[in-house]
């Protein structure tokens with residue numbers, strides 16, 4: 001139990017950080033650059049932590065702490081094999097507070113970023129709920145512990161929902177073309193969007209929370225392949241590579257496009273998959 | 001038990017009548033406060049006592065049944081009189097359609113409407129009684145402070161507060177009576193009292209807009225009234241009784257199911273479901289305590305209460321399936337409309353409609369756990385929504401606007417009210433608080449029905465959007481903002497807001513206790529099986545579980561971390577604004593022509609063109625009507 005808690009709270013974000021580092025390296029290579037070292041994200045976070053601690057107001061600090069706590073808790077709950085829907089709801093506390101923190105700042109960049117982040121949430125949340133519903137329809141339970149009692153991988157029955165995971169991951173991780181609420185580089189029209197007014201240790205906290213979120217989503221993706229967990233890890237990493245590829249070949253699109261894309265393509269894929277499951281049984 | 005019932009039902013009515021006649025404000029306040037204390041006490045005693053049923057004998061030499069029949073006739077004639085004096089043809093027709101059939105049915109058909117246990121209190125009634133007696137009465141207290149301000153604002157002279165208080169007191173008495181009545185005739189009578197009270201309250205300000213909204217409320221609720229009368233008559237001839245308990249235990253089919261369907265239709269109008277939702281949106285012209293009452297503990301809750309009450313009769317039928325889809329549709333449609341609003345009261349109104357839709361949907365899902373979730377949502381929604389309405393009313397008096405865009409940075413100007421509003425919003429929006437927990441239960445139980453679960457998934461994502469941005473707006477602050485430490489408001493307003501906000505948080509922490517003590521027995525009494533237990537802060541059901549403590553713990557750690565971090569923080573920075581605020585950028589020269597730059601302005605996304613009420617409402621109404629027709633269609637198939 002204690003080992004699991006430690007693994008969830010310490011190792012999982014480290015894995016997330018490594019994936020982000022690999023992402024930066026791979027992205028650089030795709031763009032013909034050499035790229036930063038693999039451990040660069042960790043250097044960044046350490047450096048940010050050593051900076052002066054300043055915020056614009058109290059609510060921003062509260063928001064970032066809640067964001068961090070709920071993201072960490074959702075990963076922990078996953079490793080403790082709790083209820084998937086509960087995990088998603090816990091993650092959504094953090095997502096909501098990230099928006100609240102940005103809205104509490106009277107800067108147009110944070111404000112616009114917050115509005116857009118809300119639209120990102122509106123785009124991926126229903127899809128994420130539907131993924132858990134699909135898993136429930138296959139396994140008869142929302143609990144990860146029950147889901148992990150299966151002897152055949154769910155991917156056989158939920159292939160389309162795995163594609164839905166690609167959309168979710170892109171939107172949640174704010175990868176192009178969904179880097180709408182916070183741009184990767186701070187020299188674009190919304191600066192860093194929802195993250196603009198965080199600095200120093202607080203910015204480091206949002207970064208680590210982001211790693212938690214990343215590993216959470218990848219673990220859910222890996223669950224599709226349980227009990228073949230090696231295949232699960234391979235496909236989760238493949239998912240990351242696909243995301244990086246999409247990230248590099250596409251440019252940012254509009255909120256409206258994202259909403260219609262996730263609702264038309266994402267919901268249709270989920271509907272077909274869940275519909276087939278429903279009528280076949 | 002008679003004594004507690006007397007206090008719960010008759011005391012508010014009697015004090016209401018006294019309050020109407022006296023002019024002294026002091027005496028009125030004392031009476032209202034005393035009545036509040038007694039009604040709360042009676043509710044505690046009733047909970048303590050548990051289930052009971054009573055035969056109501058006679059008052060003097062008159063049997064109660066006859067008294068109710070006579071009063072019912074008088075009430076019907078009064079509403080008819082109002083309709084005639086309003087010269088509204090539809091209203092006259094609808095009122096006449098209630099009075100005449102009811103009169104003929106009661107007096108000339110020789111129908112035997114006597115039933116043994118006229119008063120029947122089970123856990124569901126007791127839960128409703130707690131909601132009404134605590135939330136409703138706190139709204140009275142709030143009204144004492146609010147109405148004084150309100151009349152000063154609107155320059156009402158002579159004071160009409162005696163009328164106002166009389167009606168809200170009677171309203172609560174009638175609601176308590178409604179939930180304990182076991183005869184359809186009695187329920188119908190109190191149902192009509194709530195309709196009449198809401199008509200009088202919505203029109204209280206006497207402006208043209210208020211009058212129009214009041215008439216609309218009366219009209220739409222009269223449709224429900226006609227459905228109710230038809231249901232009583234059909235139920236009597238098909239099932240042979242107007243005893244609600246007997247109707248529930250009889251396995252209805254065919255025409256008897258039509259009666260149940262009509263009762264549900266009446267409940268839809270009362271709960272302001274699409275397509276009957278217009279009256280609840282109009283109701284916000286009334287003074288805030290009225291909106292709070294209508295939206296939380298009375299009126300709309302009567303509708304969903306009645307559906308949960310009747311749900312065992314059509315559990316698992318095709319009609320239940322269609323109604324659960326209908327509720328789910330209302331949930332998502334009303335949430336969608338709420339996204340497009342910036343008027344705080346309208347957002348709350350749409351949110352009420354959508355939450356009630358979810359309650360109705362859950363009550364009709366083919367799973368007993370969902371019924372428990374419906375009751376749970378009813379409790380938590382009542383507390384948080386009452387709180388939010390009272391907050392918006394207080395804010396409106398403070399800043400003169402109910403537009404959420406004007407509430408930007410309210411925490412600096414009205415720290416107390418803004419904090420309470422934040423609590424209200426968080427308890428509506430986020431886990432581990434009750435409303436979200438109920439939604440979690442509904443999604444898990446609805447998962448077997450793909451269409452429904454799609455609607456609920458989208459609807460709950462929409463809910464997050466319109467509440468989160470409101471939350472963010474309230475909490476906006478920069479280091480150069482002037483802040484007020486202590487907000488001056490009347491104790492009559494401060495007290496109910498404090499109690500309600502503390503209640504909203506505590507009932508969520510004691511959710512397993514409430515679940516085991518009240519909700520589980522309320523469900524198991526009518527359904528043999530319930531796959532839901534609450535223990536040690538964990539809600540376990542057949543397909544999943546939700547543990548509250550880790551979430552509370554994480555939130556606690558976050559608060560503590562924030563506190564420590566702020567204590568040693570080096571200071572506050574300015575937000576990142578490279579030049580936007582600089583005056584010299586305000587004028588630019590293009591091709592030698594000077595042009596003024598517009599002022600910087602940031603607003604929420606409201607999707608004005610896409611989500612306009614005028615454009616969407618007809619379509620939503622059409623789909624909702626089709627679903628209702630479908631619900632009746634599947635009975636006859």
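The values are calculated or read from the model by the stated rules, or taken from the named source; none is laboratory data. Keep in mind that this is a model prediction, so the values were computed, not measured. Cβ placement follows ideal geometry from the backbone for every residue including glycine, while neighbour counts extend to all protein chains displayed.
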Test residue B:111 against the stated conditions and say whether it is without any contact (Cβ under 8 Å) to a residue 60 or more places away in the chain and either under 30 Å from the mean Cα position of the chain (by Cα) or surrounded by 13 or more Cβ atoms within 10 Å (Cβ to Cβ) (or both).
no
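Those residues that are in a helix (DSSP H, G or I) and away from chain B (no Cβ under 14 Å), I need them from region A:144-166; list them, please.
The initial filter retains those residues of region A:144-166 that are in a helix (DSSP H, G or I), namely A:144-147, A:154-156, A:159-166.
The answer is A:154, A:155, A:156, A:159, A:162, A:163, A:165, A:166.
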Can you find a residue in region B:342-352 that is touching a strand residue (DSSP E or B) at 6+ places or on another chain (Cβ under 7 Å) and surrounded by fewer than 22 Cβ atoms within 10 Å (Cβ to Cβ)?
yes
Region A:260-270: number of residues that are closer than 13 Å to residue B:458 by Cβ and surrounded by 16 or more Cβ atoms within 10 Å (Cβ to Cβ):
4
Looking at residue A:68 and the list (1) within 16 Å of the chain's Cα centre (by Cα); (2) part of a loop (DSSP other than H, G, I, E, B), which single condition is not satisfied?
(2)
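Going by the conditions given, is residue A:16 touching a helix residue (DSSP H, G or I) at 6+ places or on another chain (Cβ under 7 Å), crowded, with 23+ Cβ neighbours inside 10 Å and more than 9 Å from every other protein chain (Cβ to nearest Cβ)? Give the steps one after another, and end with the answer.
Working: touching a helix residue (DSSP H, G or I) at 6+ places or on another chain (Cβ under 7 Å): yes; crowded, with 23+ Cβ neighbours inside 10 Å: yes; more than 9 Å from every other protein chain (Cβ to nearest Cβ): yes.
It is true that residue A:16 is touching a helix residue (DSSP H, G or I) at 6+ places or on another chain (Cβ under 7 Å), crowded, with 23+ Cβ neighbours inside 10 Å and more than 9 Å from every other protein chain (Cβ to nearest Cβ).
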Looking only at region B:509-554, which residues are assigned to a loop (DSSP other than H, G, I, E, B) and in contact (Cβ under 8 Å) with a residue 24 or more places away in the chain?
B:525, B:526, B:527, B:529, B:530, B:531, B:536, B:537, B:542, B:543
So residue B:413, is it in the same structural domain as residue B:546 (by TED's automatic domain parsing) and closer than 16 Å to residue B:352 by Cβ:
no
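Restricting to region A:176-220, give me the number of residues that are assigned to a helix (DSSP H, G or I), out of contact with any strand residue (DSSP E or B) (no Cβ under 9 Å at 6 or more places or on another chain) and either within 14 Å of chain B (Cβ to nearest Cβ) or more than 18 Å from residue A:90 (Cβ to Cβ) (or both).
If we filter region A:176-220 for residues that are assigned to a helix (DSSP H, G or I), which is where we start, we get A:193-195, A:200-220.
After this cut, where a residue has to be out of contact with any strand residue (DSSP E or B) (no Cβ under 9 Å at 6 or more places or on another chain) as well, the list is A:193-195, A:201, A:203-220.
Among the residues that remain, those that are also either within 14 Å of chain B (Cβ to nearest Cβ) or more than 18 Å from residue A:90 (Cβ to Cβ) (or both) are: A:193-195, A:201, A:203-209, A:212.
The number of residues fulfilling the criteria is 12.
Of all residues in region B:565-580 being loosely packed, with under 13 Cβ neighbours inside 10 Å and facing chain A (nearest Cβ under 10 Å), which is farthest from residue B:513 (Cα to Cα)?
Only one residue fits best here, namely B:578.
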Mind checking whether some residue in region A:33-40 is at pLDDT 90 or above and facing chain B (nearest Cβ under 7 Å)?
no
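Got at least one residue in region B:535-543 being over 29 Å from the mean Cα position of the chain (by Cα), within 14 Å of chain A (Cβ to nearest Cβ) and either crowded, with 18+ Cβ neighbours inside 10 Å or farther than 23 Å from residue A:105 by Cβ (or both)? Break it down into steps so the answer makes sense when it comes.
Within region B:535-543, the first condition is being over 29 Å from the mean Cα position of the chain (by Cα), and the residues that meet it are B:536, B:542-543.
Then keep just the ones that are within 14 Å of chain A (Cβ to nearest Cβ); that gives B:542-543.
With either crowded, with 18+ Cβ neighbours inside 10 Å or farther than 23 Å from residue A:105 by Cβ (or both) added as a condition, the list becomes B:542-543.
Scanning region B:535-543 turns up at least one residue that is over 29 Å from the mean Cα position of the chain (by Cα), within 14 Å of chain A (Cβ to nearest Cβ) and either crowded, with 18+ Cβ neighbours inside 10 Å or farther than 23 Å from residue A:105 by Cβ (or both).
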Hey, can you tell me all the residues within region A:46-60 that are buried (at least 18 other Cβ atoms within 10 Å of the Cβ) and either more than 18 Å from residue A:202 (Cα to Cα) or under 23 Å from the mean Cα position of the chain (by Cα) (or both)?
A:48, A:60
Determine which single condition residue A:141 fails, assuming it passes every other condition in (1) assigned to a helix (DSSP H, G or I); (2) closer than 19 Å to residue A:226 by Cα; (3) facing chain B (nearest Cβ under 7 Å).
(1)
Region A:78-96, residues that are part of a helix (DSSP H, G or I) and more than 7 Å from chain B (Cβ to nearest Cβ)
A:78, A:79, A:84, A:87, A:88, A:91, A:94, A:95
For region A:111-136, give me each residue that is facing chain B (nearest Cβ under 7 Å) and more than 18 Å from residue A:171 (Cα to Cα).
A:111, A:133, A:136
Of those in region A:28-45 that are farther than 17 Å from residue A:214 by Cα and touching a residue at least 40 places away in the same chain (Cβ under 8 Å), the residue surrounded by the most Cβ atoms within 10 Å (Cβ to Cβ) is A:44
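Please go through region B:547-564 and give me each residue that is more than 21 Å from residue B:508 (Cβ to Cβ) and at the interface with chain A (Cβ under 7 Å from one of its Cβ atoms), ordered by number. Talk me through it step by step, then tell me what you get.
Residues of region B:547-564 that are more than 21 Å from residue B:508 (Cβ to Cβ), as a first pass: B:561, B:563-564.
Matches in region B:547-564: B:561 only.
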What is the one condition in (1) on the phi < 0 side of the Ramachandran plot; (2) at pLDDT below 85; (3) surrounded by 10 or more Cβ atoms within 10 Å (Cβ to Cβ) that residue B:629 does not satisfy?
(2)
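Take residues that are over 15 Å from residue B:631 (Cα atoms), assigned by TED's automatic domain parsing to the domain that holds residue B:117 and touching a helix residue (DSSP H, G or I) at 6+ places or on another chain (Cβ under 9 Å) and tell me which of the helices (runs of 4 or more DSSP H) falling wholly in region B:222-330 contain 3 or more. Walk me through how you get there before you give the answer.
Working: elements: B:244-249, B:255-270, B:278-282, B:288-292, B:300-310.
The qualifying helices (runs of 4 or more DSSP H) are B:244-249, B:278-282, B:288-292, B:300-310.
Out of B:119, B:131, I need the residue that is under 25 Å from the mean Cα position of the chain (by Cα) and crowded, with 23+ Cβ neighbours inside 10 Å. Which one?
Working: B:119 fails: crowded, with 23+ Cβ neighbours inside 10 Å.
On inspection, the qualifying residue turns out to be B:131.
With at pLDDT 80 or above and either within 14 Å of another protein chain (Cβ to nearest Cβ) or not in a loop (DSSP other than H, G, I, E, B) (or both) as the only criterion, which of B:600, B:610, B:622 stands out? Can you show your working first?
On the way: B:600 fails: at pLDDT 80 or above; B:610 fails: at pLDDT 80 or above.
B:622 is the lone residue from the list that is at pLDDT 80 or above and either within 14 Å of another protein chain (Cβ to nearest Cβ) or not in a loop (DSSP other than H, G, I, E, B) (or both).
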